[in-house]
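Just so it is clear, none of the values below were taken in a lab; they were calculated from the coordinates. Please read these numbers as outputs of a predicted model, since none were measured by experiment. Cβ: placed from backbone, ideal geometry, glycine included. Neighbour counts: every protein chain shown.
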Amino acid sequence: MFDVALLGVKGGPAIAPGSNMPTSNVVRVGDRVILVDAGLGATQGVCKQGVHPREVDTILITHLHSDHYLELGPFLHTAWVGGLTRPVRVIGPRGLGAYWDGFLVSMAFDIDLRIEDEGRCDLRGLARIEELSEGCVLDEDGLRIDALRNHHPPIDESYALRFEAEGKRAVLSGDTAYFEPLIEFAKGADLLVHEALLESGVDALCAALDLTDGRLKRHLMQSHSAAQEAGRIASMAGVGHLALTHFVPGADPALTPALWEAAARETWQGRLTLGRDGMRIEV
């Protein structure tokens, strides 16, 4: 088994009735279960894949925007009260350890109570925080994971990830503006999961959020990739399958699947999938 499950495909942290959930993914290779990002809804998303949270053995956080790690603490807490007793590798950018420390402080009463009252092990020792950096992240038991620092201003430490196993390769772009080094990083991949933006929906999004002074629009346009740019990366890298995710805007019913597909088809003619919450894609 080597597949990628898109647990949440919405760009940005805000949700509303009928919207998709923010970003998180599960990569499964054989018996290994790896959570990539932990946006709001990640725990339920993992369960809907038939995976118990305690089965996740490694967590990768691509960057420190809330839609990618807001639920990390609650996810680990849920795995713990569900029977997790072994350490979990949690690999992310500098600053992730401070988040985890703060979560533990905020939940100290509950954690201490459950240790004393229920006989549980100490949650504080179950997250093994490691700093993510460019290059090889993991190489063991037939699985290799590499990271590439992408371009997602104003955040400096933001990463794309490449998974290689069973003679196949899957690349997750992470959040990034159009970034040519990703072409070589994704060269010949069987699957490229890439974020996508539709410029036509950005003004409506800013108006709906009453953020019309220009800063949100500037951030979105400078920090994310248009669907056409995702298609261009896929074409130039010669990938086998392009799946779009992290849709920006991600909750506008006027942006129909046909519009997203038409934008990507301007630059990509190969196999194309528009991601949906809970979708599982075989590599």
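General remarks:
- Bridgeable lysines around residue 187 (alpha carbons under 30 Å apart, same-chain partners fewer than 8 residues away excluded): 10, 168.
- Calculated P(r) of the range 116-227 - Cα pairs past 22 Å, %: 50
- Working note: Karplus 6.51/-1.76/1.60 with θ = phi - 60° gives the range 40-48 the couplings 3, x, 4, 5, 5, x, 4, 4, 5 Hz, where Gly and Pro are set to x.
- DSSP bridge analysis restricted to the chain gives an antiparallel fraction near 55%, rounded to the nearest 5.
- Rg over Rh for the range 173-283 works out to 0.98, both radii taken from alpha-carbon positions and Rh defined as the Kirkwood radius.
- Unit charges on C-beta of K, R, D, E only; dipole of the chain, Debye: 460
- Simple label model, 7 Å out from Cα along Cβ direction - residue 265 to residue 200, nm: 1.3
- Charge dipole magnitude, Cβ of K and R +1, D and E -1 - the range 55-188, Cα centre, debye nearest 20: 220
- Charge dipole (debye, nearest 20) of the range 230-283; +1 at Cβ of Lys and Arg, -1 at Cβ of Asp and Glu: 140
- Projected area, mean over directions - the range 6-120, Cα convex hull, nm²: 7.6
- Peptides 250-258, 234-242, 61-69 ranked from most to least packed by the mean count of surrounding Cβ atoms within 10 Å: 61-69, 234-242, 250-258.
- Packing rank of 148-159, 205-216, where each peptide gets the mean count of other beta carbons within 10 Å, highest leading: 148-159, 205-216
- For the peptides 93-101, 188-196, the ranking by mean Cβ contacts within 10 Å, running from highest to lowest, is 188-196, 93-101.
- Along the axis of the charge dipole computed for the range 2-282 (Cβ charges of +1 for Lys and Arg, -1 for Asp and Glu, origin at the Cα centre), the listed residues 123, 219, 155 are led at the positive end by 219.
- Unit Cα scatterers, Debye sum, the chain: log10 I(q)/I(0) for q = 0.16, 0.17 Å⁻¹: -1.25, -1.40
- Cα-based shape type of the range 56-156, given that a ≥ b ≥ c are square roots of the gyration tensor eigenvalues and the cut on a/c is 1.5: oblate
- Least to most buried among 116, 164 (fewest other Cβ within 10 Å first): 116, 164
- Under the combined filter of DSSP loop state and at most 14 neighbouring Cβ atoms within 10 Å, the range 219-283 retains these GluC sites (Glu not before Pro): 266.
- Note that the range 245-256 has calculated 3J(HN,Hα) couplings of 8, 6, 5, 10, x, x, 9, 9, x, 6, 8, 6 Hz, one per residue in order, obtained from phi through the Karplus relation 6.51 cos²θ - 1.76 cosθ + 1.60 (θ = phi - 60°); glycine and proline are x.
- Over the chain, dividing the summed -39,500 (n - 2.57) contributions of all DSSP H runs of at least 4 residues by the number of residues returns a 222 nm mean residue ellipticity of -8000 deg cm²/dmol.
- The distance between label points at residue 109 and residue 212 comes to 4.3 nm (points 7 Å beyond Cα on the Cα→Cβ vector).
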